[in-house]
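Let me begin by presenting the structure, written as structure tokens, before commenting on it.
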Amino acid sequence: MSKLTLSLLDSSLYPQIWEQQTFTSPQTLLLLMLSNEVTVDASTFTKRLLANDIYQEWINATVFGRYLHRNFTAFYQQTEDSFNVEMPALFRQELTRHAQYMPLVQVLFFAGEMPKVVRQTKLLTTTVNPATAIINAQKVATHQVSHSKIIVNQITIVGKQVLGFPIRHNKRTSERLRNEVLIMDFQDLRLVNEMTIDDIKKSNIETSILLRSYDLR
């Protein structure tokens, strides 16, 4: 059975009007959020996502929810349970059957340092909510022993063979702000740009922010 390709979400979300400013792309909105020129508001962005017909198609295509996602990632990462040595691969194979190809030029976000293991496992949990990525990146930075930079990654789909799984979250809990997409397979993840954002005015963020841009194919 051939895989379907998800509709391009960004084409229906943008232009986006945010605090009387118009943003034609997720990259420009993210940049001004990072620069503290517009409010980082994950809840408002989530409401706009849930009101979007294409996003509703994304999350209603399967019953893949946060509970299944959490158990899958935990199961897949286990290394010492010899009794279930074949289960992670079987679990992944079954979920992959229901995954779809991500649309070209769709932008996803990821908070914190990109794990090296991602390129080996081909697994990465992203979000389509730029505010959620920024908030999560701030949380990651505060838990670091050293005063490391806040790292936010923006990932652009540039290949037709990237398999993804939009996750349907519980609307009545804080999970609704996650707006996650689990990437389950890809050919290449390449860093194409890195930008340090310093001297953020009107902000209580004391450290600088590192914005990394990746191409995913």
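Just so it is clear, none of the values below were taken in a lab; they were calculated from the coordinates. Nothing here was measured: the structure is a model prediction, and the numbers come from that model. Reconstructed Cβ throughout: ideal geometry from the backbone, glycine too, with neighbour counts over all protein chains shown.
Using 0.36 nm per residue, how much length does the chain from Thr96 to Asp185 gain when fully extended, once their Cα-Cα distance is taken away?
31.2 nm
Can you give me the long-range amide H partners of Ile151? Hydrogens built in the peptide plane at 1.01 Å from N, cutoff under 5 Å, separation of 5 or more residues or another chain.
Answer set, sorted by chain and number: Gly112, Leu210.
With r as the distance between the Cβ atoms of Asn170 and Thr5 and R0 = 35 Å, compute the FRET efficiency 1/(1 + (r/R0)^6) and round to 0.05.
For Thr5 and Asn170, the calculated efficiency is 0.85.
Rounded to whole Hz and in sequence order, give me ³J(HN,Hα) for segment 117-131 from the Karplus expression 6.51 cos²θ - 1.76 cosθ + 1.60, θ = phi - 60°, writing x for Gly and Pro.
For segment 117-131, the Karplus curve yields 5, 4, 5, 8, 7, 6, 10, 7, 9, 10, 9, 9, 9, x, 5 Hz.
Between Ser43 and Val118, what is 0.36 nm times their sequence separation minus the Cα-Cα distance? Round to one decimal in nm.
In short, 24.2 nm is gained.
Quick one: if the Förster radius is 25 Å, what FRET efficiency do Ile54 and Ile17 give, using the C-beta to C-beta distance and rounding to 0.05?
In this case the efficiency is close to 0.90.
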